[in-house]
Structures are given as C-alpha cells and as structure tokens.
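What follows is a short report on a single structure.
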Amino acid sequence: MKPLFRWILDSVLPPSCLACSETVEAEGQFCAKCFSKAEFITAPLCERCGVPFPFALEGGVCACCAASPRPMTGPARRCAMTTRPVA
C-alpha cells in the first residue's frame, strides 16, 4: 500500500530540490544545478562539527567545539557548504 500512496502523493505534490524547489526524482535530493554548486568539505576540518580549516590545527577541533562540552548525540557533521546563493 505504501508504494501506491507514495505514487499518488508524488503525482499531486512532486518531490522538490531541498535548496531551490526544482522538481527532482525523489524526496530529499538536490537538483543537478544546486548539487554542482555544493562545495564538499574535506580535511583539514574540525573533528566534531566539520567546519573547514585553512590549514591543519593541533587538537583537531575548532574554538567553539573546544569551549563547549562534547555533544551527547555522537559523531555528526556537515558534508558540504555553499559560499554563494544556491538558487
């Protein structure tokens, strides 16, 4: 029954890009234009929150994370960021 409901819902309200509302293939995706503008974060970065560093730092965490207690949720971080408008 779920596939039928999903098909009906997608027919009435098609899935849209998370950034610009362009129609996409499945819910929770970015369109090709927005995905191409994403800048994926690679090392060096904060080990807790994923903020990129211009160079490697000793200790591996940013000042904000170093000043706050370790989060209880476990490891999670951002994977990409944009420095310009997406849409």
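A short reminder: the numbers here are calculations on the coordinates, not readings from a lab. None of the values given here were measured: they were computed from a predicted structure. As a convention, Cβ positions derive from the backbone with ideal geometry for all residues, glycine included, and neighbour counts pool all protein chains shown.
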Inset, instruction - Please give, to one decimal in nm, the separation of the simple spin-label points placed at T42 and E22, each 7 Å out from Cα toward the Cβ. - result: 2.4 nm
Inset, instruction - State whether the stretch 1-81 is rounded, prolate or oblate according to the following rule on the C-alpha gyration tensor (a ≥ b ≥ c being the square roots of its eigenvalues): a/c under 1.5 gives rounded; otherwise a/b larger than b/c gives prolate, and the remaining case gives oblate. - result: prolate
Legend entry - Fewest-first ranking of F55, F35, F30, F40, using other Cβ atoms within 10 Å as the exposure measure: F55, F40, F35, F30
Legend entry - Loop-located GluC sites (Glu not before Pro) in the stretch 1-53, at most 12 other Cβ atoms within 10 Å (DSSP): E25
Inset, instruction - Fewest Cβ neighbours within 10 Å first, please rank V61, V51 accordingly. - result: V51, V61
